[in-house]
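J.: Quick one: this structure, given as C-alpha cells, is what I'll be asking you about.
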Amino acid sequence: MFKGLKHFFIPHEGNDFTPHFFREFFVSILIIGILVLFVASAGSSFILRNTELGGAVLPAVLADLTNQSRLENKENALMRNAVLDNVAQMKAQDMAAKGYFAHTSPEGLTPWYWFAKAGYQFIYAGENLAVNFSESNDVQNAWLASPTHRANILNDKFTEIGIATAEGVYNGTQTTFVVQSFGTPTPFTVPSAEVLPTTPKTTPSTKPKTTPTQVATASLSPAVAGEAVNANSNLETIVDTKEFAAVKNNAVPDNTVAATTPVPTHYSKWYERFLFNQPSYTGIIYRILVAIVFIALVLMIVIEFRRQHPKNIMYGVLILVILFVFHYINQTVFLPHFIF
C-alpha cells in the first residue's frame, strides 16, 4: 500500500519523478469527477427551486430544520403532532381562502381559536407564519433571523409541533402560506377550557399602533409573523409581539411540568434530505480534494526539486483553481442555509 501511495503522490526515479496523481489520465478523471459533483449539486438545487417537490416536502423539511436548530441550541427536539398539523392546516387554509396574512383573521379569530377547534388543549402554545417564500430553508432562515420567531422555535416550554402550507392569493399574487404551530398539551382533559369572544383587545391611543404584522404585510416581499402564549398564567405573553385574548384554561395547574422529548426520527423522506443536503456533501468532498491536491502539489515541488516537470505542476494548479471556483459557486449558489 505504501509503495502504491509513493508512486501516486511522491516523485522518484521509479515513476520518472512524475507522480501518477498529476499525469494526464488521472487529471482527466479527477476533472470529470469534479464536474459530476458540480452537476449533481446544481441538479438538486434546480429540482428544489423549479419543481413542486420543494413545496410538497415543506412541512416535513421545516419540522426537521426546526429540530436541528433546537438541538444545536441544546433544546429538546419537538415531536410532530397530527392535531397540531390540523391546527396549522386550518389556519393556513383560512389565510389562503381570505387572502390575509396575520395572526388575527378579518373576523377577529385569533390563533388559539384554531387550537380549540382542533381539540388541542394546551399549557403553552405558539404560532409562526410566513408568506411569499418558495423554499423551506429560506423560511427557516427568515424565522431564525427574527428574535420573536427564533424565541418560538427555541422555546424550551414547547414539546410538540405542527406545520402546514396552503396555496392562495396574497396582495394579488399567487403564493404559499406557511403556518408553524407549537404546543405543550395538558396531561389531562380540561372540560372547562373554552374559546373566548374573538374581538381583539384595543388600547386607547392618539396614534395608530403599528404591529410587526402590519409592517411585514406592507409589500410582496417574503414576510413572517410570530406569536406565543402561556395559557397557564391568564394568557401571559411569552413573545411580546401583539396582544391576544383567546383561550381560558384556568383548570390547568400552575405546577404542571412538560416531560422532555427524545430526539425523534427524521420526518422527511431520505430522498428529500438528500436533495437538501447534496450541495453540502459536495462542499465537503471539494474541501477534501483541495487538501489532497495541495499536499500532493507541495510534495511534488519540494521533493526532487531539481527534477520537476512544469507541465504536471501546471496540472496541479489547474485542478486547485477548478476546485476553488466550483466550491465557491456551490457555497454561494447551491448550498442551502440549513441542512439536517
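J.: For the range 72-122, enumerate the residues that are without any contact (Cβ under 8 Å) to a residue 24 or more places away in the chain and either touching a Leu at 6+ places or on another chain (Cβ under 6 Å) or open to solvent by 30 Å² or more (accessible area, probe 1.4 Å) (or both).
T.: 72, 74, 98, 106
J.: Take the residues in the range 39-51 that are under 17 Å from the mean Cα position of the chain (by Cα) and of a type outside the set (A, V, I, L, M, F, W, C); name whichever of them is modelled with the highest pLDDT.
T.: So the residue we want is 44.
J.: Tell me, please, whether a residue that is part of a loop (DSSP other than H, G, I, E, B) and modelled with pLDDT of 80 or more can be found in the range 52-70.
T.: no
J.: Condition test on residue 10, is it modelled with pLDDT of 85 or more and not charged (D, E, K, R)?
T.: Answer is yes for this residue.
J.: Next question. Determine if the range 292-300 includes at least one residue that is touching a residue at least 12 places away in the same chain (Cβ under 8 Å), more than 12 Å from residue 22 (Cβ to Cβ) and touching a Leu at 6+ places or on another chain (Cβ under 6 Å).
T.: Looking through the range 292-300, none of the residues is touching a residue at least 12 places away in the same chain (Cβ under 8 Å), more than 12 Å from residue 22 (Cβ to Cβ) and touching a Leu at 6+ places or on another chain (Cβ under 6 Å).
J.: If you scan the range 123-159, which residues turn out to be over 20 Å from residue 105 (Cβ atoms), assigned to a loop (DSSP other than H, G, I, E, B) and open to solvent by 10 Å² or more (accessible area, probe 1.4 Å)?
T.: Residues satisfying the conditions are 133, 134, 135, 146, 154, 155, 156, 157, 159.
J.: Go through the range 132-166 and count every residue that is acidic (Asp, Glu) and modelled with pLDDT of 90 or more.
T.: 1
J.: Could you list, in sequence order, the residues of the range 25-34 that are touching a helix residue (DSSP H, G or I) at 6+ places or on another chain (Cβ under 9 Å) and either modelled with pLDDT under 85 or open to solvent by 80 Å² or more (accessible area, probe 1.4 Å) (or both)?
T.: none
The values are calculated or read from the model by the stated rules, or taken from the named source; none is laboratory data. In this text, all values refer to a predicted model and were calculated from it rather than measured experimentally. Glycine gets a Cβ as well: all are built from the backbone with ideal geometry, and neighbour counts include every protein chain shown. The protein model used for the area step is the full one, side chains on, heavy atoms only, and it has no ligands, DNA or RNA in it. Shrake-Rupley method; radii C 1.70, N 1.55, O 1.52, S 1.80 Å.
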